[in-house]
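First the structure, in the form of structure tokens, and then the observations on it.
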């Protein structure tokens, strides 16, 4: 994966398959300490202890189309190769939470990439799931909670209405640019 | 700056076309494979292009959505188009520049782009 935002999209696909109704994606950057942490948390079906133990093994997968599952191992590798760390926690029936911590000054750090694209698409293509996206960068913070958008839109206008999708993407773009001091990401 | 006020205006406009969208029996579903294999092969820009172009062309009878591994990883990025009546067309080795033709010829005019389909690739 060339960008961490693609790993996030990949991990989020597992939450979608797990039937999550709420997906929380959090990025937290501390530029002075050169640390980035990414958390992906869902309230989907979760995993039992055996599955949780094997999920970082590339030869474990729930899919039936082939015998390898690389999503979680690739994300784990991406953070560990920077000297960071990886945490996964899951409870059957409750959901799964993954946190990856990266050292951003490592030569092996993969750039964050286009998070706006990832989050925008996750919302537009899964209109029945709620997404809470938080991106903190030092003092700055951006939050988008689709439950709040739903309140404004009412029950009849869906999150995948084309104009709504475009608004979400533009909003995220502007807010992200602010986090980076007005420069475009 | 994008504001919530603007979102309210979008809502009011959308309410006008909403019945059209929900009650359309000719709904077409575009599904993009977004598992590890698809994403690594470049599926995200393809999905993004579909979402954007369908919105721009104002195709109220088309929904764009994502799915997991479709099972033919060597042909990723894979896009499936489910047509009213249950027929399915599978496009393989997709890229964002192929999306425009599929929207015009297939989604708008009802003629699948045969050369992008899995059938055309398997003969190679």
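Report whether or not residue B:76 is at pLDDT 90 or above, closer than 30 Å to residue A:73 by Cα and surrounded by 14 or more Cβ atoms within 10 Å (Cβ to Cβ). When the stated conditions are applied, residue B:76 passes them.
Just the residues that are without any contact (Cβ under 8 Å) to a residue 60 or more places away in the chain and in a loop (DSSP other than H, G, I, E, B), please, taken from segment A:110-129. Answer for segment A:110-129, where residues must be without any contact (Cβ under 8 Å) to a residue 60 or more places away in the chain and in a loop (DSSP other than H, G, I, E, B): just A:127. Checking each residue in segment B:16-48 for being part of a helix (DSSP H, G or I), within 23 Å of residue B:110 (Cβ to Cβ), more than 7 Å from chain A (Cβ to nearest Cβ) and modelled with pLDDT of 90 or more picks out only B:46. Condition test on residue A:141, is it touching a strand residue (DSSP E or B) at 6+ places or on another chain (Cβ under 8 Å) and without any contact (Cβ under 8 Å) to a residue 40 or more places away in the chain? Considered against the rule, which asks whether it is touching a strand residue (DSSP E or B) at 6+ places or on another chain (Cβ under 8 Å) and without any contact (Cβ under 8 Å) to a residue 40 or more places away in the chain, residue A:141 comes out as yes.
Selection over segment B:49-82 of residues that are in contact with a helix residue (DSSP H, G or I) (Cβ under 8 Å, 6 or more places away or on another chain), more than 9 Å from chain A (Cβ to nearest Cβ) and in a helix (DSSP H, G or I) gives a count of 4. The set of residues from segment A:144-174 being farther than 14 Å from residue B:11 by Cβ, touching a residue at least 40 places away in the same chain (Cβ under 8 Å) and touching a strand residue (DSSP E or B) at 6+ places or on another chain (Cβ under 8 Å) comprises just one member, A:172. Of all residues in segment A:45-59, exactly one satisfies the criterion of being over 21 Å from the mean Cα position of the chain (by Cα) and modelled with pLDDT under 80, namely A:59. Scanning segment B:83-119 for residues that are within 20 Å of residue B:59 (Cα to Cα) and part of a loop (DSSP other than H, G, I, E, B) returns B:83, B:84, B:85, B:86, B:87, B:109, B:110, B:111, B:112, B:113. Out of the residues in segment B:1-15 that are at the interface with chain A (Cβ under 7 Å from one of its Cβ atoms) and not in a helix (DSSP H, G or I), state the one that is nearest to the chain's Cα centre (by Cα). Once the filter is applied, the top-ranked residue is B:2. State whether one or more residues within segment A:132-139 are within 12 Å of chain B (Cβ to nearest Cβ), crowded, with 18+ Cβ neighbours inside 10 Å and outside any helix (DSSP H, G or I). Checking segment A:132-139: not a single residue is within 12 Å of chain B (Cβ to nearest Cβ), crowded, with 18+ Cβ neighbours inside 10 Å and outside any helix (DSSP H, G or I).
Results for (1) surrounded by fewer than 18 Cβ atoms within 10 Å (Cβ to Cβ); (2) closer than 16 Å to residue A:8 by Cα, shown as yes or no for each residue.
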residue: A:80; (1), (2): yes, yes
residue: A:87; (1), (2): yes, yes
residue: A:96; (1), (2): no, yes
residue: A:104; (1), (2): yes, no
residue: A:111; (1), (2): yes, yes
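When B:110, B:100, B:85 are checked against the criterion of being closer than 20 Å to residue A:121 by Cα and either touching a residue at least 40 places away in the same chain (Cβ under 8 Å) or more than 10 Å from chain A (Cβ to nearest Cβ) (or both), B:100 stands alone in meeting it. Filtered by the rule that a residue be more than 26 Å from residue B:42 (Cβ to Cβ) and at the interface with chain B (Cβ under 8 Å from one of its Cβ atoms), segment A:140-163 gives A:149, A:152, A:153, A:154, A:156, A:157, A:161, A:163.
The values are calculated or read from the model by the stated rules, or taken from the named source; none is laboratory data. Fair warning: this is a prediction, and the values are worked out from it, not measured in the lab. Counting neighbours? That spans all protein chains shown, and the Cβs are built from the backbone with ideal geometry, glycine included.
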